[in-house]
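Encoded as structure tokens, the structure appears first; notes follow it.
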Amino acid sequence: MPIFDFLSGQFIDVIHWTDDSRDTMVWRFEREGHEIKYGAKLTVREGQAAVFVHEGQLADVFTPGLYMLETNNMPVMTSLQHWDHGFRSPFKSEVYFVSTNRFTNLKWGTKNPVMLRDPEFGPVRLRAFGTYAIKITDPGLFLTEIVGTDGEFTRDEVSFQIRNIIVQEVSRTLASSGIPVLDMAANTADLGRLVAAEVSKTLATYGLTMPELYLENISLPPAVEKALDARTSRGVAGDLDQHMKWRAAEAMAEGGQAGGAMGMGLGAGLGMQMAEAVGGRRGPWGASPGAAPAPAAAAPIAPPPPPPERVWHIAENGETQGPFSRARLGRMASEGSLTRDTFVWTPGQDGWMRAEDVTELAQLFTVMPPPPPPPPA
């Protein structure tokens, strides 16, 4: 190699980084022997920072811009200053490029259910998952605390630890929020901001921050969801008697197997009524029409369906308890935990009412004996 080409290579050196992977957080500029030449140009683009490490120590952090690396402004010893070492400098320097953009669409989720006490359902277990974003705020601290000497550090290498921190804060926030399970969907934005703020306090020690966190879903165990769906279905059905009549008419209109069977039964009933009517005109065994018809057996009348049992909720000390059946309220009245002044509510009732003002519950207090008379003087 001609000496002129070697000297030209020593004076022309551009250090820069272009990345299209979208998941690389730190990348080390590779040079043979980790030598940075005298007068090298360092280009730092927007969304980047460059960390200069000299002889194993962090020397400086460069923000976006163009820099000339010279001995008068950098603690760098280049190969041109050491002719006695055969153009090989004993001082090693490295440049680490750090991406300061947001890394978005990172996933998190609770492996195990979170136990909490719901004001309406009691103890419940919840699962939650969503996405979050992270951003490097202190490149030097992030390099020393997390990356070390890794030549290419990606977001997947730190996301596992961050997920553990998120799950811990989500569990604590959900358990202490006091928000009913049925109302959490309306408060996911506030819960996400609370969790992100708490997680950022821990990430600050790594040179990171969490600008946003989203709770995409909060779910109950499958068995609880099935029971909740059944309860919702009962509420949608409304009057069970009218609902059963509508279902029967729908089955007949569809003309399926169930409709055919019901049609056959209806036809048989109509046929029996027609036969009885004809027999009444002709008489038994060919009798004249004027003969008295045989008395028809009275068709049994099915009893009406029992009325649906109402359930009640109790308001005490600013909290809601229930639902309780009327029999349960009777036992509570006898135990003294339900009084005439206790506020109660049932579906269909207009607001909370005192127990003695509800006709159905006022009877619970009439069977109790009045207070004993005062002792004789």
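Values quoted throughout were computed directly from the atomic coordinates according to the rules given, and no laboratory measurement underlies them. From a predicted model like this one, the values you see are computed outputs, not experimental measurements. Virtual Cβ from ideal backbone geometry, glycine too; neighbours counted across all protein chains shown.
To make sure I understand, if each residue's beta carbon is the centre and we count other beta carbons within 10 Å, what order do 340, 117, 155 fall in, fewest to most?
Placing the least packed residue first, the sequence is 117, 340, 155.
Starting with the fewest neighbours, write out 52, 29 ranked by other beta-carbon atoms found within 10 Å of each beta-carbon.
With the fewest neighbours first, 52, 29 line up as 29, 52.
With each label modelled as a point 7 angstrom along the Cα→C-beta vector, the residue 217-residue 247 pair spans 2.9 nm. Remark: 15, 166 ranked as 15, 166, counting other beta-carbon atoms within 10 Å and listing the fewest first. Over all projection directions, the Cα-based convex hull of the stretch 95-191 averages an area of 7.3 nm².
Remark: relative contact order (the stretch 312-366) = 31 percent; criterion is Cα-Cα distance under 8 angstrom and separation of 6 or more residues. For a paramagnetic label modelled at 7 Å from the Cα of residue 328 toward its Cβ, which residues of the stretch 104-120 fall within the zone defined by backbone nitrogen distances under 13 Å? The answer is 120. Dipole magnitude for the stretch 312-366: computed about the Cα centre from +1 point charges on Lys and Arg Cβ and -1 point charges on Asp and Glu Cβ, it is near 200 debye.
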